[in-house]
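**Q** The structure that follows is given in the form of structure tokens.
The values are calculated or read from the model by the stated rules, or taken from the named source; none is laboratory data. A quick note: this is a predicted structure, and the numbers were derived from the prediction, not measured. As a convention, Cβ positions derive from the backbone with ideal geometry for all residues, glycine included, and neighbour counts pool all protein chains shown.
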Amino acid sequence: MEKVYTKNAPEAIGPYSQAVKAGGLLFTSGQIPLIPETGELAQGDIAVQAEQSCKNVAAILEAAGCKLTDVVKTTCFLADMADFPRFNEVYGKYFTEKPARSCVAVKTLPKNVLCEVEAIVEVK
């Protein structure tokens, strides 16, 4: 098992790694819309927050030597399922290979953000 870390994605806000490589796969921790350079939340609606969350996932993948096109599965968490269509617009710009996905609404996300995205990636 190998831990992955990059300063180009937010620091973990708890006792976990940004990502872990194991068994030919990379597992990212859920990425919320924190701006890595400042540690502040991306301010704005679901589109703004989804954009930052996806950028954070992409930065972790890059640090691990992977690409968004290597993603095989994502799990997406929304604070409000009414945001699903706008979230999908942003998500689709990043995950162009259409990996398998689960998307659920949850009661509350860390720091009361609107979305969180995690990925399972094939390491090539």
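**Q** Here are some residues: Leu109, Leu61, Leu78. Which one is of a type in the set (A, V, I, L, M, F, W, C), within 23 Å of Glu11 (Cβ to Cβ) and in contact with a Phe, Trp or Tyr (Cβ under 7 Å, 6 or more places away or on another chain)?
**A** Values: Leu61 fails: in contact with a Phe, Trp or Tyr (Cβ under 7 Å, 6 or more places away or on another chain); Leu78 fails: within 23 Å of Glu11 (Cβ to Cβ).
Exactly one residue qualifies, and that residue is Leu109.
**Q** Can we say Leu114 is of a type outside the set (D, E, K, R) and under 15 Å from the mean Cα position of the chain (by Cα)?
**A** When the stated conditions are applied, Leu114 passes them.
**Q** Also, I was wondering about something else. Exactly one of (1) over 19 Å from Glu89 (Cα atoms); (2) of a type in the set (A, V, I, L, M); (3) within 13 Å of the chain's Cα centre (by Cα); (4) surrounded by fewer than 22 Cβ atoms within 10 Å (Cβ to Cβ) is unmet by Leu68. Its number?
**A** So the condition that Leu68 fails would be (1).
**Q** Which residue out of Ala19, Ala12, Ala50 is within 13 Å of the chain's Cα centre (by Cα) and modelled with pLDDT under 95? Spell out how you get there, then give the answer.
**A** Details: Ala19 fails: modelled with pLDDT under 95; Ala50 fails: modelled with pLDDT under 95.
On inspection, the qualifying residue turns out to be Ala12.
**Q** Criterion first (among the aliphatic types (A, V, I, L, M), touching a Lys or Arg at 6+ places or on another chain (Cβ under 7 Å), outside any loop (DSSP other than H, G, I, E, B) and free of Cβ contacts under 8 Å to residues at least 24 places away in the same chain) does Val48 satisfy it?
**A** No.
**Q** Still on this structure: Can you confirm whether Leu68 is touching a strand residue (DSSP E or B) at 6+ places or on another chain (Cβ under 7 Å) and either under 16 Å from Ser29 (Cα atoms) or free of Cβ contacts under 8 Å to residues at least 24 places away in the same chain (or both)?
**A** no
**Q** If I go through the stretch 1-38 residue by residue, how many of them are assigned to a strand (DSSP E or B), in contact (Cβ under 8 Å) with a residue 60 or more places away in the chain and either within 17 Å of Glu122 (Cβ to Cβ) or among the aromatic types (Phe, Trp, Tyr) (or both)?
**A** Count: 6.
**Q** Sort out which residues of the stretch 73-103 are among the aliphatic types (A, V, I, L, M) and either more than 18 Å from Leu25 (Cα to Cα) or surrounded by 15 or more Cβ atoms within 10 Å (Cβ to Cβ) (or both), and write them in order of number.
**A** Matches in the stretch 73-103: Leu78, Ala79, Met81, Ala82, Val90.
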